[in-house]
1. Using the structure shown, list the pairs from K220/K268; K49/K92; K88/K409; K332/K352; K21/K44; K211/K271 with a Cα-Cα distance above 21 Å, or answer none.
2. Build a GNM of the chain with springs between Cα atoms under 10 Å: which of G114, G355, G210 gets the top mean-square fluctuation?
3. How much net charge surrounds K140 when only other residues with a Cβ under 13 Å from its Cβ are counted (Lys, Arg +1; Asp, Glu -1)?
4. Order 87-94, 338-345 from most to least packed using the mean count of other Cβ atoms within 10 Å.
5. Could you check what % of the DSSP bridge pairs in the chain are antiparallel, to the nearest 5?
6. Quick one: check the C-alpha center-to-center distance for the range 310-359 versus the range 398-416, whole angstrom.
7. Taking the range 217-276, how much of its Cα-Cα pair set, in percent, is spaced more than 19 angstrom apart?
8. May I ask you to order 78-84, 55-61, 127-133, 374-380 by the average number of other C-beta atoms within 10 Å around their residues, highest value first?
Amino acid sequence: MSKVRVGVIGGGQRGKDAYAKYALEYPDDVEIVAVAEPNELKRKEFSKKHNIGVQYQFETWEDLLKQEKFCDAVIIATPDRMHFKPAKLSLKKGYHVLLEKPMSNDPHEVMELGKIAKQNKNIFMICHVLRYNPLFSEIKAIIENKEIGDLMSIQHNENIGYFHFAHSFVRGNWRNCDLSSPLILQKSCHDMDILLWLVGENCIKIASFGKLSYFHKENKPKGSGDRCIDCKVEKKCPYSALKLYYENIGEWPTTVVSDIQTMKEVKKSLKEGDYGRCVYNCDNNVVDHQSSILEFENGVTATFNLCAFTNNINRTLKIMGTKGEIRAVDSKNEIQVELFDTNEIKVINPKKVSGFHGGADKLIMKDFISSILSNKTETLTSASVSVQSHMMAFAAEESRLNNRIVELKEYYNQFY
Ligand SMILES: NC(=O)c1ccc[n+]([C@@H]2O[C@H](COP(=O)([O-])OP(=O)(O)OC[C@H]3O[C@@H](n4cnc5c(N)ncnc54)[C@H](O)[C@@H]3O)[C@@H](O)[C@H]2O)c1
């Protein structure tokens, strides 16, 4: 095979911008030959961009996968609750699969995909893109080289950012775990995965605490409206939809609010759609802060904080070893290594790759395509590896809801 032919299932933000874009940059390696997308406008635009024939433009994943296998691989970037079935069927049909996280919001289904992955000969990768982010790869190398001695403990923070949280987890697609998945799975299966990867051993115990403390009706300010557009206190509100979306027309997150990026259409969406709602008056139920404690087989411990109430959107880490410590901020692309014997601070700025997630979206696509071309079977984010990080997130949620320390081995056994 000299070029990989790919069908994209779900032509939304991730399908279109994170992955299919790669084909336009590297047309010699990959060609997008089909799309399944129910939104007509998105489907047509996507097809035009990739020159997809009418017979390969499908409305749903079912329509695409009903066909005899007609290309080499599929990318599945549908909403969270629509991952398991298309992934299972695609693998059965013999496609190589790149599947967006989470694998499923049901632990039984995650375990089932894990079992299928073990028997499957094709590439089956999960979009745990952070493993491809040069900053995290560098941290992994520093730990493995024992520069900071033996790893003892990690503090990891996911700073979601107040407006990002309001957009995605109060007004948006991931606001309600009954419609998508719990925050720790949806947002932080990435972080569970990074912790697992950096420690390099199985997680054995997890405890977690957290609540939806702020974004609910009891905190609705006096005089506020149900929509920002007719709210008397909007100007003083940091979560104002008008401020957020009017100032970013043509860019994320406004591109999520309306298919047509004009002031008139965005205004209309804020008048009628989900994204114009007061943040204290939505149908959200996911937590706005959550803290977890983890223990790994080699005795390494970790704390993980997930929080809406931050100004920056980034991940910050402190990694402690017997001979030194690492501090890292992904948004600054900066790692500091401080060794105890010299007290010198070495600053590392890993080589930047253009694109979202520090270039990781591009690098995961590159690995997916090159693994297919070179007949590799295992990759950095093979589904068989990703099962554990998903199960850690489910276990954290179980701990939070039922106020107990969860032993991972025991927890797994329920789903075998
Ligand atoms: N890896 C990451 O870092 C990362 C980041 C953001 C989102 N995600 C995940 O990616 C997935 C997609 O997120 P998004 O932001 O692109 O959302 P999106 O809503 O922009 O895209 C999803 C697309 O799927 C389409 N769709 C709905 N039903 C369909 C069907 N039956 N058949 C085919 N397509 C269908 C929708 O119309 C939409 O265009 C989600 O699961 C999300 O959790 C991953």
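Each value in this text was obtained by applying a stated rule to the coordinates, not by laboratory testing. Note that the structure is a prediction, hence the values are computed from the model and not measured. Quick reminder, even Gly has a Cβ in these numbers, built from the backbone with ideal geometry, and neighbours come from all protein chains shown.
1. On the way: K220/K268 24 Å; K49/K92 29 Å; K88/K409 25 Å; K332/K352 11 Å; K21/K44 15 Å; K211/K271 30 Å.
Those over the limit are K220/K268; K49/K92; K88/K409; K211/K271.
2. Between G114, G355, G210, it is G355 that shows the largest mean-square fluctuation.
3. Values: positive: R131, K146; negative: E138, E144, E147, D193.
Here the count lands on -2.
4. Details: 87-94: 18.5, 338-345: 11.0.
Result, highest mean first: 87-94, 338-345.
5. Numbers: 42 of 68 bridges.
Taking every DSSP beta bridge with both residues in the chain, the antiparallel ones total about 60 percent.
6. 32
7. Details: 487 of 1770 pairs.
Above the 19 Å cut-off, the range 217-276 has 28 percent of its Cα pairs.
8. Values: 78-84: 19.4, 55-61: 17.3, 127-133: 24.7, 374-380: 12.4.
Top of the packing list down: 127-133, 78-84, 55-61, 374-380.
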